[in-house]
Amino acid sequence: MTRRKIILDCDPGQDDAVAILLALASTELDVLAITAVAGNIGIEKTSLNARAVVELARAATPVYAGCPRPLVREPVLATHIHGESGIDGASLSPPNRPLADGHAVDFIRDTIRAHPPDEITLVAIGPLTNLACALIQAPDIAGRVQEIVLMGGAIGLGNTTPAAEFNIYADPHAAHVVFNSGARIVMTPLELTHQVLATHGRVATIRALGTEAARQVAGILDAYPKTTHFGATGGPLHDPCAVAYLLWPDLMGGKDCRVDIETEATHSIGRTVIEWRRQKTAANAHVLDTVDAEMLFRRITERLGRLP
Ligand code: BDR
Ligand code: CA
């Protein structure tokens, strides 16, 4: 089996933690590194949390720290969701391994250049600052990356403002750079991730796995703020959806669309403006909106059960 090489860019983050575990539990994926970015919480904590989650999985994946703030805007955090630790509900030991030497942006740029075209996939589940900086420094990597699979944006309403989803809102200028880079982009917006709710029953099934990783994930999902969508209540597993797309694309559906980012607006900054109903302009992203959530949860649970 050829393992798909990925770099996982994240801001853990409760759902980021689950996404990292899903990636590390999946032998189809070769996680070359985890790159941390400021987002849900500051870079010191996202880069520390990423290492703690890697050690929970008993993996040795290097973690690089990246950008400490958005390109233009003042930092916006999501501690009201993820808590002051960034992954409330977990009780992780402090990591033993230090950060990898070097900056996340340099790692992303150099690794993509060092591999043949179409070998590296970037999975981005936080604000897009690291990716934008790499693409600004080295526009050629847009044509070399296999694809960028990102959690972010919404076809309709946002979750941080009426118009904007958190990852795009936190750094809309970075998102503008990424969406206009020419790279192949797959986007998992809120319309998809809100279907993937960690309901009480699903969390109980994960806890019943009885492993340390499952215990930590269940703790995180218990603490994770709940929302009600499509008649179900639970914490939306936004970020694992991006990793899951790489593993099981057959469970999701969507269409190619033009996506633009609102960077100037008063009330709608960070909005992803998507040509969803009629595609008039050349598409720059594949936007996913359907998912078999029940099957997805079954498969995520099975993967988590592979971890110690
Ligand atoms: C996104 O925002 C963050 O708070 C989550 O980790 C996820 O990446 C959802 O809007
Ligand atoms: Ca995230």
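The values are calculated or read from the model by the stated rules, or taken from the named source; none is laboratory data. Source: prediction; values computed, not measured. Note that we place each Cβ from the backbone using ideal geometry, even for glycine, and neighbour counts take in every protein chain shown. Heavy atoms of the whole protein, side chains included, go into the accessibility calculation; ligands, DNA and RNA do not. Shrake-Rupley method; radii C 1.70, N 1.55, O 1.52, S 1.80 Å.
For the stretch 122-154, how many residues are surrounded by 20 or more Cβ atoms within 10 Å (Cβ to Cβ) and not in a helix (DSSP H, G or I)?
15
Residue check: is Val31 buried (at least 22 other Cβ atoms within 10 Å of the Cβ), within 27 Å of Arg306 (Cβ to Cβ) and more than 14 Å from ligand 2 (Cβ to nearest atom)?
On the way: buried (at least 22 other Cβ atoms within 10 Å of the Cβ): yes; within 27 Å of Arg306 (Cβ to Cβ): yes; more than 14 Å from ligand 2 (Cβ to nearest atom): yes.
In short, yes.
Might you let me know whether the stretch 10-28 holds any residue that is more than 16 Å from ligand 1 (Cβ to nearest atom), surrounded by fewer than 18 Cβ atoms within 10 Å (Cβ to Cβ) and not basic (Lys, Arg)?
The first filter runs over the stretch 10-28 and keeps only residues more than 16 Å from ligand 1 (Cβ to nearest atom), leaving 24-28.
If we keep only those that are surrounded by fewer than 18 Cβ atoms within 10 Å (Cβ to Cβ) as well, we get 27-28.
After this cut, where a residue has to be not basic (Lys, Arg) as well, the list is 27-28.
The answer is yes; a qualifying residue exists.
Starting from the stretch 258-285, keep only residues that are on the phi > 0 side of the Ramachandran plot and open to solvent by less than 60 Å² (accessible area, probe 1.4 Å), then list their pairs with residues that are modelled with pLDDT of 95 or more and assigned to a loop (DSSP other than H, G, I, E, B) whose Cβ atoms are within a distance under 6 Å, requiring at least 6 positions of separation or different chains.
Final answer for the pair search is Gly270/Ala164.
Of the conditions (1) farther than 22 Å from Thr193 by Cα; (2) buried (at least 24 other Cβ atoms within 10 Å of the Cβ); (3) away from ligand 2 (no atom under 14 Å from the Cβ), Ser47 satisfies every one except a single condition; which number is it?
Going through the list (1) farther than 22 Å from Thr193 by Cα; (2) buried (at least 24 other Cβ atoms within 10 Å of the Cβ); (3) away from ligand 2 (no atom under 14 Å from the Cβ), Ser47 breaks only (3).
Quick test of your reading of the structure: Cys67 fulfils all but one of (1) touching a Ser or Thr at 6+ places or on another chain (Cβ under 6 Å); (2) open to solvent by 10 Å² or more (accessible area, probe 1.4 Å); (3) within 14 Å of ligand 2 (Cβ to nearest atom). Name the failing condition by number.
Answer for Cys67: the failing condition is (3).
List the pairs whose first member sits in the stretch 155-166 and is closer than 16 Å to Val259 by Cβ, whose second member is among the acidic types (Asp, Glu), and whose Cβ atoms are under 7 Å apart, counting only residues at least 6 apart or on separate chains?
If the second residue must be among the acidic types (Asp, Glu), the pairs left are Ile155/Glu191; Ile155/Asp289; Gly156/Glu191; Gly158/Glu165.
Among the residues of the stretch 158-195, how many are touching a Pro at 6+ places or on another chain (Cβ under 6 Å) and either over 20 Å from Ala38 (Cα atoms) or open to solvent by 40 Å² or more (accessible area, probe 1.4 Å) (or both)?
2
State whether one or more residues within the stretch 167-178 are out of contact with any Lys or Arg (no Cβ under 9 Å at 6 or more places or on another chain), farther than 20 Å from Glu147 by Cα and part of a helix (DSSP H, G or I). Break it down stepwise before answering.
From the stretch 167-178, those out of contact with any Lys or Arg (no Cβ under 9 Å at 6 or more places or on another chain) are 167, 174-178; that's our starting set.
If we keep only those that are farther than 20 Å from Glu147 by Cα as well, we get none.
The answer is no; no qualifying residue exists.
Of everything in the stretch 85-112, what is without any contact (Cβ under 8 Å) to a residue 12 or more places away in the chain and under 30 Å from Val203 (Cβ atoms)? Give them in sequence order.
Scanning the stretch 85-112 gives no hits.
Which condition breaks for Ala213 when tested against (1) open to solvent by 20 Å² or more (accessible area, probe 1.4 Å); (2) farther than 23 Å from Val145 by Cβ; (3) not β-branched (Val, Ile, Thr)?
That leaves (1) as the condition not met.
Kindly indicate the residue of the stretch 216-233 that is modelled with pLDDT of 95 or more and away from ligand 2 (no atom under 16 Å from the Cβ) and also surrounded by the fewest Cβ atoms within 10 Å (Cβ to Cβ) among those meeting that condition.
Asp222
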